[in-house]
Amino acid sequence: MDITITPQKLSGSVTAIPSKSQAHRLLICAAFADRPTTLLCPDTNRDIEATADCLNALGAKITRTDWGYSVTPVQALPEKALLNCCESGSTLRFLLPVAGALGVDATFLMAGRLPQRPLSPLWEEMERMGCTLTRPTSETIRCQGKLKAGEYVIDGSVSSQFITGLLLATALIPGESHIRLVGKVESRPYITMTQRAMAVFGMDTEAFSVQGGKPFHSPGTVTVEGDWSNGAFFLAAQSLGNEVTTHNLSPDSPQGDRAAAELLPALDENITISAADIPDLVPILSVVAACKQGAVFTDIRRLRLKESDRVASVVAMLENLGGRAEATEDTLTVYGTGLTGGTVDSVNDHRIAMSAAIAATVCKEHVTILGAECVKKSYPHFWAEYARLGGKYEQYLR
């Protein structure tokens with residue numbers, strides 16, 4: 001689906017959707033708890049559904065309700081399981097080590113860019129600790145064998161999701177395990193989010209030491225907090241002069257993208273921002289920077305490994321909208337030239353599509369977004385919300 005937006009200011013109130021990042025973690029904990037859990041999560045998306053479906057394949061019973069999810073934990077493990085991760089990197093990187101901890105012969109299916117996204121050094125560490133991993137096809141991974149308790153050593157500079165996967169996995173392995181982090185740890189707030197989610201289910205992971213083999217303790221009912229990553233699009237709209245207010249965002253959240261609350265006002269001046277802990281914010285912050293005084297983003301290497309090469313797609317988005325940006329290996333420079341309009345290829349990246357939509361509110365000419373349906377990955381009703389706030393667009397089915 002392609003859409004063409006007629007520039008117009010947005011106005012109204014938005015309730016931030018539930019955090020995709022937290023929902024993944026809570027669903028996994030609930031699937032291995034000592035009793036059923038009610039997960040209050042009124043909105044879902046393709047990534048969350050992928051995790052729920054994969055947990056069902058491992059023996060849980062997770063059903064969608066009007067208020068969220070009803071989770072009956074795993075009672076008996078299958079000998080073999082087929083887990084369809086779709087395009088969700090979190091689903092794959094969290095559940096690959098979990099399957100290894102359970103000793104299930106598991107085949108993971110991948111779509112989109114997911115088969116190209118890195119799994120090293122998690123892959124090597126899992127093999128060192130007892131699993132055998134293979135690639136039967138370019139779009140599948142097979143995990144056999146069983147992880148053992150002990151010391152896991154992982155480089156934190158590639159993805160915090162590897163560390164989350166090992167934290168969740170070691171909780172399921174009888175005995176004491178320790179996760180030793182080496183290298184520069186990126187996106188540390190997401191690791192904290194994992195530790196807090198596990199703590200909700202009674203699991204202590206202080207100092208990355210885990211006493212595993214006991215079920216998680218279900219709190220009965222748990223609420224998924226509002227999502228700062230997607231809420232940032234409407235916070236950015238407000239900073240660009242749209243009369244939009246955003247609710248359901250906790251100032252005490254462990255989400256790294258909570259930084260949007262401080263960074264957006266700071267963009268009234270030309271500043272330098274490290275993307276190390278906020279890779280998902282770079283597209284929308286780049287739009288705001290282009291419309292104000294510009295900005296320099298450092299530590300951007302990992303952005304090339306997202307749903308798109310997010311460095312290249314951000315530069316292309318801004319230039320196609322009449323702006324100017326350039327990138328080196330680890331730096332993205334956005335110039336405060338303003339944006340006029342044009343055509344943006346989302347390259348199947350939900351954050352590029354939504355950033356372009358917010359950019360359209362300050363453009364003088366129409367903005368066309370190719371592949372606009374990709375927002376379903378994290379925010380299925382984004383376009384309905386955009387229209388409710390006064391956004392005007394026409395959609396065209398290919």
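The values are calculated or read from the model by the stated rules, or taken from the named source; none is laboratory data. Please read all numbers here as calculations on a predicted model, not as lab measurements. Positions of Cβ are generated from backbone atoms using ideal geometry, with glycine treated the same way; all protein chains shown enter the neighbour counts.
Find the residue count for region 340-363, including only residues that are out of contact with any strand residue (DSSP E or B) (no Cβ under 9 Å at 6 or more places or on another chain), within 19 Å of Ala237 (Cβ to Cβ) and surrounded by fewer than 24 Cβ atoms within 10 Å (Cβ to Cβ). So the answer is 2. Does Ala57 fit the bill of being at pLDDT 95 or above, crowded, with 24+ Cβ neighbours inside 10 Å and either in contact with a strand residue (DSSP E or B) (Cβ under 7 Å, 6 or more places away or on another chain) or outside the structural domain of Ser177 (by TED's automatic domain parsing) (or both)? No: the conditions fail for Ala57. In region 365-386, the residues that are at positive phi reach residues that are crowded, with 22+ Cβ neighbours inside 10 Å and not in a helix (DSSP H, G or I) with C-beta atoms within less than 6 angstrom, at least six apart or across chains, in these pairs: Gly371/Ser346.
Residues in region 234-254 that are at pLDDT below 95 and of a type in the set (A, V, I, L, M, F, W, C): there are none. Output yes when any residue across region 343-358 is of a type in the set (Lys, Arg), farther than 18 Å from Val158 by Cβ and assigned to a loop (DSSP other than H, G, I, E, B), and no when none is. Looking for residues that are of a type in the set (Lys, Arg), farther than 18 Å from Val158 by Cβ and assigned to a loop (DSSP other than H, G, I, E, B), one finds none in region 343-358, hence no. Suppose the filter is among the hydroxyl-bearing types (Ser, Thr, Tyr), under 28 Å from His247 (Cβ atoms) and not assigned by TED's automatic domain parsing to the domain that holds Thr91; does Ser11 pass it? Here the answer is yes, as Ser11 does meet what is asked.
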